[in-house]
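This report refers to the structure that appears directly beneath it.
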Amino acid sequence: MKKETKKDKKLRLATIWLDGCSGCHMSFLDIDERLLLLADKVDVVFSPLVDVKEFPEDVDITLVEGALGSEEDLHKLMKIRSRTKTLVAFGDCAITANIPSMRNPFGTEEVLNYVYLQMGADNPQIPTQGVPPLMKRALPLHNYVKVDVFIPGCPPSADTIFFALSELIEGRVPDLSTLTRFGA
């Protein structure tokens with residue numbers, strides 16, 4: 001029986017989205033047939049795209065999409081950071097809080113009142129069950145944890161994502177400075 005070497009061992013990849021739209025994950029899927037090339041080198045051990053409920057230990061690379069918008073997001077991020085070797089801020093919401101931060105100037109209470117009480121709902125009420133408490137401000141990941149790599153874009157292009165992952169898989173930090181903002 002052949003002994004597994006470090007070169008033969010697949011890396012453990014996870015993806016997650018927090019307060020965002022899932023556009024970065026859709027762009028990830030746009031890698032298309034190149035996903036098969038990645039599948040030769042990584043095992044997806046956690047993702048909204050697979051049926052795993054608990055974030056695992058010893059993850060090599062985690063792509064985190066979205067801003068920190070709720071206490072639940074923050075709790076998830078802290079667990080992810082403690083279990084991940086290379087944490088990647090995946091897209092502009094993770095890097096700058098982008099769209100989720102548009103609520104910041106108004107305050108959480110004013111936004112909730114407007115959306116749930118003033119928008120003409122048949123049964124106006126602010127939900128309290130099954131909805132995690134919002135943080136006072138939507139914030140980027142690096143405000144709370146160390147981020148190792150930043151992949152910008154809203155969403156990043158499939159080419160940019162593939163390039164960044166390919167570099168990380170090969171043990172290199174991707175130099176994204178040479179890529180254009182709206183493509184690779």
Margin query: I'm told LEU165 meets every condition in (1) in a helix (DSSP H, G or I); (2) at pLDDT below 95 except one. Can you identify the failing condition by its number?
Written below: (2)
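With the requirement that a residue be open to solvent by 70 Å² or more (accessible area, probe 1.4 Å) and more than 25 Å from VAL131 (Cβ to Cβ), what does region 51-68 give you? Before the answer, list the steps.
Going through region 51-68, the residues open to solvent by 70 Å² or more (accessible area, probe 1.4 Å) turn out to be 51, 53-54, 57-58.
Those that are open to solvent by 70 Å² or more (accessible area, probe 1.4 Å) and more than 25 Å from VAL131 (Cβ to Cβ): GLU57, ASP58.
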Notebook entry, point to check: From the list ARG103, ARG83, which one is in contact (Cβ under 8 Å) with a residue 12 or more places away in the chain and over 22 Å from ALA14 (Cα atoms)?
Noted result: ARG103
Next item on the list: Say whether the condition of being open to solvent by 20 Å² or more (accessible area, probe 1.4 Å), touching a helix residue (DSSP H, G or I) at 6+ places or on another chain (Cβ under 7 Å), modelled with pLDDT under 95 and hydrophobic (A, V, I, L, M, F, W, C) is met by at least one residue in region 117-127.
Entry: yes
Check: Among (1) surrounded by 14 or more Cβ atoms within 10 Å (Cβ to Cβ); (2) not in a loop (DSSP other than H, G, I, E, B), where does CYS154 come up short?
Finding: (2)
Notebook entry, point to check: Which residues, counting only those in region 69-109, are buried (at least 23 other Cβ atoms within 10 Å of the Cβ) and over 25 Å from PHE163 (Cα atoms)?
Noted result: GLY69, ASP73, PRO100
Item checked: Only listed residue being more than 21 Å from SER22 (Cβ to Cβ), out of contact with any Gly (no Cβ under 6 Å at 6 or more places or on another chain), open to solvent by 30 Å² or more (accessible area, probe 1.4 Å) and in contact (Cβ under 8 Å) with a residue 12 or more places away in the chain, chosen from LEU112, LEU168 -> LEU112
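The values are calculated or read from the model by the stated rules, or taken from the named source; none is laboratory data. In this text the structure is predicted, and so the values were computed from the model without any measurement. Note that each Cβ is placed from the backbone with ideal geometry, even for glycine, and that neighbours are counted across all protein chains shown. Just so you know, the surface numbers come from the protein's heavy atoms only, side chains and all, with ligands and any DNA or RNA stripped out. Shrake-Rupley method; radii C 1.70, N 1.55, O 1.52, S 1.80 Å.
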